[in-house]
Structures are given as C-alpha cells and as structure tokens.
1. Does A:Val76 count as under 16 Å from A:Gly136 (Cβ atoms), within 13 Å of chain B (Cβ to nearest Cβ) and aliphatic (A, V, I, L, M)?
2. Please list, ordered by first then second residue, the pairs with beta carbon atoms under 6 Å, 6 or more apart or interchain, first in segment B:22-44 and closer than 19 Å to A:Pro13 by Cβ and within 7 Å of chain A (Cβ to nearest Cβ), second hydrophobic (A, V, I, L, M, F, W, C) and open to solvent by 30 Å² or more (accessible area, probe 1.4 Å).
3. Looking only at segment B:23-44, count every residue that is open to solvent by 20 Å² or more (accessible area, probe 1.4 Å) and β-branched (Val, Ile, Thr) and tell me the total.
4. State whether the residues of segment B:95-113 include one that is at pLDDT below 95 and either at the interface with chain A (Cβ under 7 Å from one of its Cβ atoms) or buried (at least 24 other Cβ atoms within 10 Å of the Cβ) (or both).
5. Return the residues of segment A:157-171 that are surrounded by fewer than 23 Cβ atoms within 10 Å (Cβ to Cβ) and not in a loop (DSSP other than H, G, I, E, B); say none if nothing qualifies.
6. From B:Tyr182, B:Tyr177, grab the single residue that is part of a strand (DSSP E or B) and at the interface with another protein chain (Cβ under 9 Å from one of its Cβ atoms).
7. Among the residues that make up segment B:1-22, is at least one of them modelled with pLDDT under 95 and open to solvent by 40 Å² or more (accessible area, probe 1.4 Å)?
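The values are calculated or read from the model by the stated rules, or taken from the named source; none is laboratory data. All values reported here derive from a predicted model rather than from experimental measurement. In this analysis, Cβ positions are derived from the backbone assuming ideal geometry, glycine residues included, and neighbour counts consider all displayed protein chains. Just so you know, the surface numbers come from the protein's heavy atoms only, side chains and all, with ligands and any DNA or RNA stripped out. Shrake-Rupley method; radii C 1.70, N 1.55, O 1.52, S 1.80 Å.
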There are 2 protein chains.
Amino acid sequence: MKKSIGAHTFALPAPVWVVGTYGEDKKPNIMTVAWGGICCSVPPCVTISLQKHRATYKNIFENKAFTINIPSQQQVIEADYVGIISGKDEDKFTATGLTPISSQVVNAPYIQEFPLILECRLLHTLEIGIHTQFIGEIIDVKAEEKVLGENGLPLLSKVNPPIFSPSEGAYYEVGDYVGKSYSIGLALKK
Amino acid sequence: MKKSIGAHTFALPAPVWVVGTYGEDKKPNIMTVAWGGICCSVPPCVTISLQKHRATYKNIFENKAFTINIPSQQQVIEADYVGIISGKDEDKFTATGLTPISSQVVNAPYIQEFPLILECRLLHTLEIGIHTQFIGEIIDVKAEEKVLGENGLPLLSKVNPPIFSPSEGAYYEVGDYVGKSYSIGLALKK
C-alpha cells in the first residue's frame with residue numbers, strides 16, 4: 001500500500017561530490033553537493049545545482065569551469081565537513097588536509113587525495129528555483145590507478161564512494177556487486 | 001598517482017530509475033534511465049535525460065508529466081529489462097509482471113510494485129547533445145509503508161535500490177549505514 005508523503009527531494013540514491021573552483025586571486029575553493037547527475041552522453045556532460053549565495057556559484061560563472069571530486073568512503077568525514085563549513089570562516093584545505101592541484105585542462109583545481117575527478121567546462125546554466133543548475137562538459141576524467149579494473153576503467157567497488165540518502169540525511173557504503181546492465185534483464189526475454 | 005582516462009560519463013554513483021509515461025490512447029509506458037538527479041530543493045525538482053528516439057521523449061512532451069519509479073534490489077532484473085527492450089517490440093508490463101497505476105496528481109502512470117515513486121510535472125526542457133534534459137517538479141512522493149522509518153520518511157536501507165556504475169555497466173547493492181550528513185564532518189571543526 002502506497003502512502004503519500006508530500007513533495008520532497010527524495011530521489012535515491014544521491015551522490016556526494018565535492019566541487020572544486022577558483023575564487024579571487026585563484027584561491028582554490030571546495031564545497032560538497034548532492035544535487036547532480038550525468039545529463040548527456042555526447043558530449044559527456046554532468047549537472048550540479050547550487051544556491052546563489054555560495055562562493056562556488058560566483059566562481060563557476062567567472063571561470064566557466066569546475067571539477068567534480070568523488071571521495072572514497074575513507075574520505076566521507078572530509079566531504080561532509082566541506083559541505084558544512086563556509087570557506088569564509090575557515091580554510092577548508094587546512095582543516096581537512098586535502099591538497100588542491102591545478103587542472104591542466106580546465107581553469108579549476110581538483111583534490112589530489114580523492115580517487116576520481118571529472119574536469120568540466122561550463123556549457124549551460126539554468127535558473128530553476130532556489131537552485132541554479134550548472135551543466136559542465138566533461139573534458140577529462142582522472143582516476144587513481146588503484147581504482148581501475150583490468151580494462152583500465154574505474155570500478156565502483158574500488159572507488160567506493162559514499163552514497164547519500166536525502167530523505168534521512170545520511171551516508172551509506174556501496175554494497176555487493178549484483179550484475180551487468182543490459183544483461184541481467186535478458187532473463188525475462190521470451 | 002592520477003591517470004587521465006579521457007572524457008567519459010563516469011560519475012559515481014548513478015541511479016537506476018524507471019520513468020513512467022502515457023503514450024497514445026493513454027497506453028502506459030516505462031523505460032529505465034541512469035542519467036538524472038535532484039536539481040532544485042524549492043520547488044523540489046528532479047532531472048532526467050533522454051534521447052529523441054525514445055517513446056518516453058515524445059510522451060513527456062505531450063503529457064507534460066512523468067513518474068520516477070525507484071526499484072528495490074529485488075526488482076533489478078525487471079528494471080534492467082525495461083532498459084533493454086523497446087515497448088514497440090514487446091509489452092513491458094506483461095513481460096515483467098509489473099502493474100501500471102494512474103497517478104492522481106500528474107498525467108502519468110506509476111509502478112505499483114516499486115517502493116518509492118516521484119510524481120512529476122514537466123517544468124523545463126533543455127537540449128544538450130544527443131540527450132535532452134527534462135526537469136520535473138516533484139508534485140508528490142509515494143512510498144510503500146514498509147520502507148519508511150520511524151519519522152515517516154524513506155530509509156535508503158529499506159528502499160534498497162540498485163546503484164549503477166556507468167564505468168563498468170554494472171549494478172551494486174546499497175551497503176552499510178555510515179552516519180548523518182551535516183554531522184560526521186564536525187569532527188574536523190577546531
């Protein structure tokens with residue numbers, strides 16, 4: 001029996017992504033977002049949503065670039081911290097011990113310690129409501145070699161990112177491998 | 001050491017959502033998407049991306065509505081099947097045994113058997129590349145009572161949706177609970 005629970009942002013699962021940008025004087029800035037996802041295959045694009053009062057909002061407009069830094073489960077405390085604290089009050093890199101590295105392909109910094117990085121060039125913005133959507137074209141993906149499978153591509157089990165649950169405000173781990181997409185469903189084909 | 005692996009849609013984690021729409025003569029249609037995410041808190045909005053040749057693409061433009069049906073792990077084979085097969089070749093409801101129910105708040109059907117449903121009214125579309133982005137305002141969320149926690153809101157552990165890994169084309173389970181957001185990061189605060 002279905003119960004109506006109202007108009008809420010309860011889409012599951014949600015990501016935990018740390019967005020890297022440059023502020024004034026090329027000062028590296030990071031903040032955590034959970035509103036986002038891939039939005040196009042060709043060109044490869046990803047979307048994130050930000051509120052206007054965020055430093056990252058202004059930074060992306062000015063530099064037309066950002067990085068998405070995907071943490072591993074071992075970095076969930078740092079990722080959560082970066083979403084709580086304002087860079088105006090405290091230096092987020094000092095507090096977390098994370099290291100900003102200049103991207104060679106877009107005008108934004110990425111986080112050295114995180115296992116998977118998407119380097120993005122701003123393609124579109126769209127005002128929706130209290131959030132503005134930023135669509136970035138993925139110019140390159142950088143990954144730690146230790147998270148790559150035999151085919152040279154990242155494995156979710158090795159990146160092991162936190163999974164966000166917006167309805168309870170909580171993080172979970174990635175669980176067991178289930179099976180291949182475009183494959184396990186064929187069991188139902190007549 | 002970071003390795004450059006090229007411009008790919010390797011954002012982790014990605015969702016597994018089944019989109020419900022009406023076709024001609026109000027015939028219920030479902031298809032599976034992995035490109036999407038929440039994109040605004042107020043109004044609560046979610047985005048999904050579709051290619052133009054999909055029946056769902058035309059259906060959303062015509063009805064200005066869709067549902068997002070979030071499966072549980074026990075329904076991953078059905079969700080995968082719905083992403084493989086075209087409704088032109090086979091009736092997806094007959095093949096999967098899933099049941100379409102008419103939403104009372106938007107002009108789209110939802111799946112009775114799935115634990116969590118977002119009922120959406122089309123708010124914006126944006127052409128990006130081979131995918132078009134559809135932004136829906138979430139008008140209501142419906143959930144099976146058994147997936148709700150003590151506060152009446154869905155728990156990721158009980159919805160237990162498949163997690164998609166685009167870089168390997170595979171599904172994973174949700175793992176263990178880690179901790180509260182806007183909370184565990186405070187351990188780093190001076």
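1. Answer is no for this residue.
2. Correct list of pairs: B:Ile38/A:Trp35; B:Cys39/A:Trp35; B:Ser41/A:Ile130; B:Pro44/A:Ala7.
3. Result for segment B:23-44: 2.
4. Of all residues in segment B:95-113, those at pLDDT below 95 come to B:95.
Narrowing further to those that are either at the interface with chain A (Cβ under 7 Å from one of its Cβ atoms) or buried (at least 24 other Cβ atoms within 10 Å of the Cβ) (or both): B:95.
Within segment B:95-113, one or more residues are at pLDDT below 95 and either at the interface with chain A (Cβ under 7 Å from one of its Cβ atoms) or buried (at least 24 other Cβ atoms within 10 Å of the Cβ) (or both).
5. Pass one, segment A:157-171, residues surrounded by fewer than 23 Cβ atoms within 10 Å (Cβ to Cβ): A:157-158, A:160, A:166, A:168-170.
Passing the criteria: A:Ser157, A:Lys158, A:Ala170.
6. B:Tyr177
7. yes
Conditions tested, residue by residue: (1) more than 17 Å from the chain's Cα centre (by Cα); (2) of a type outside the set (Gly, Ala, Ser).
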position: A:Gln73; (1), (2): no, yes
position: A:Ala79; (1), (2): no, no
position: A:Gly87; (1), (2): yes, no
position: A:Thr94; (1), (2): yes, yes
position: A:Ser103; (1), (2): no, no
position: A:Val106; (1), (2): no, yes
position: A:Gln112; (1), (2): no, yes
